[in-house]
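Right, one structure below, let's go through it.
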C-alpha cells in the first residue's frame with residue numbers, strides 16, 4: 001500500500017492546477033516541518049526560498065549529517081521526503097518562509113513552525129509536533145493541567161504575523177502537538193483573520209478540554225476542520241475531540257501508527273476506515289477516565305514528579321536517554337527512591353487510579369469512535 005513517499009513518486013509530476021491541494025499534500029508539508037531549516041529558510045515572511053532550493057541547500061549543508069538526525073521519534077525518511085518533494089513539479093516551486101525553532105527550558109516550551117506559499121492559491125502554515133526534546137514532551141503533559149501552554153501562545157502569535165504578509169486564503173496544519181497548535185491558533189485568532197482560513201488539517205494530535213469545543217469561536221471554524229487519526233490512535237485520542245474525525249488505515253504496529261509514513265494512501269486520498277481499533281478505544285477510555293478523576297493539583301503533581309525524575313537523569317533528548325538506556329533507567333529508578341514520602345504516596349495513588357480504570361474498561365471495548373471528556 002502506498003504512503004507519502006510513493007505519493008510524490010506517483011503524483012509529483014502533476015501540478016496543483018490539475019489535481020487540487022488535498023489532505024495528503026497537507027500531511028507532507030506538516031511532516032517537512034520536523035526538519036531543521038535553520039540558516040536555509042528565512043525567518044521572516046518578506047523573503048522566501050523555493051522548496052527545490054531548500055532541499056538542495058539542505059543536502060549540501062556542511063552539517064548535513066547533524067541536520068539529518070531527526071531524533072529517536074521522527075521517521076528518518078523525512079529527509080528523503082524533502083528531496084523528493086524538492087525535485088517534483090508539484091512541490092518544487094512552493095516557497096518557504098517564516099521558519100522558527102526554539103526550545104526554552106525555563107518556559108518548558110518547544111515550538112517550531114514554517115510557512116509554505118505559492119501565489120494566492122497556496123498559503124500553508126505548518127506547526128511542528130513534539131520533536132526529540134524532552135522539554136517538548138513535558139509541555140505536552142502540561143496540557144493536562146494548564147489552560148494554555150507557551151507553544152499555543154506562540155502559535156497564535158505566529159499565525160497572526162503570517163497573516164499580515166500572506167495574501168488570499170490561509171490553511172493551517174500540523175501533526176501530533178502541531179495539530180493541537182493549528183486548531184488552537186485557528187480558533188483563537190481574531191475574526192478578521194479567521195475568516196480567511198480555508199482549512200485546518202489536524203493529524204493525530206492531542207485534544208483539549210471539552211469546554212474548548214463549546215465556544216462560539218470553535219463553532220465558527222468547525223466546518224473547515226479536517227481531522228485524521230490512524231486506526232490505533234493513542235496521542236490523537238488524548239483529552240476531548242470534536243466529532244467527525246476520519247480514521248486512516250495504517251501498517252504500523254502499536255504507537256508506530258502515530259508515524260505518518262505508516263498511513264495508507266490510495267490516489268490523492270487516505271485509505272479510510274470505519275471507527276478505531278478496540279485497543280485504541282480502550283486506551284482512550286482508560287487514560288481520559290483517569291484524568292477526569294484527578295484534580296488539577298493531582299495532575300500537576302504527577303507531571304512535575306515524572307519529569308522531575310527525568311531532569312535528575314540529566315538528558316535533554318529522547319535520543320540521549322535511549323543511547324544509554326540501561327544506565328539512564330538505573331538513574332531514573334535511583335532518583336525515584338529519593339522522592340519524599342508524601343509525594344511518592346500521592347503519585348502511587350494516581351498510578352493505582354490508572355490501573356483501576358484499565359481494569360474497568362476491560363470487556364467494555366467497542367469498535368466505535370471515542371470523544372472522551374477531559
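Within the range 167-179, which residues are modelled with pLDDT of 95 or more and more than 23 Å from residue 229 (Cα to Cα)?
Of everything in the range 167-179, just one residue is modelled with pLDDT of 95 or more and more than 23 Å from residue 229 (Cα to Cα), namely 169.
Just for helices (runs of 4 or more DSSP H) wholly inside the range 22-105: which have at least 3 residues that are surrounded by fewer than 21 Cβ atoms within 10 Å (Cβ to Cβ) and assigned by TED's automatic domain parsing to the domain that holds residue 135?
On the way: elements: 23-32, 51-59, 64-68, 77-87.
Ranges flagged: 51-59, 64-68, 77-87.
Considering only the range 268-319, state which residues are at positive phi and crowded, with 18+ Cβ neighbours inside 10 Å. So that I can check it myself, show each step before the final result.
If we filter the range 268-319 for residues that are at positive phi, which is where we start, we get 275, 314.
None; the set is empty.
Select, from 199, 182, 219, 157, the only residue that is closer than 17 Å to residue 260 by Cβ and at pLDDT 95 or above.
After ruling out the rest, the residue left standing is 182.
Can you list residue pairs whose Cβ atoms sit under 7 Å apart, with the first residue in the range 263-276 being free of Cβ contacts under 8 Å to residues at least 12 places away in the same chain and the second being in a strand (DSSP E or B) and surrounded by 14 or more Cβ atoms within 10 Å (Cβ to Cβ)? Count only pairs 6 or more apart in sequence or on different chains.
none
The values are calculated or read from the model by the stated rules, or taken from the named source; none is laboratory data. Please read these numbers as outputs of a predicted model, since none were measured by experiment. Note that each Cβ is placed from the backbone with ideal geometry, even for glycine, and that neighbours are counted across all protein chains shown.
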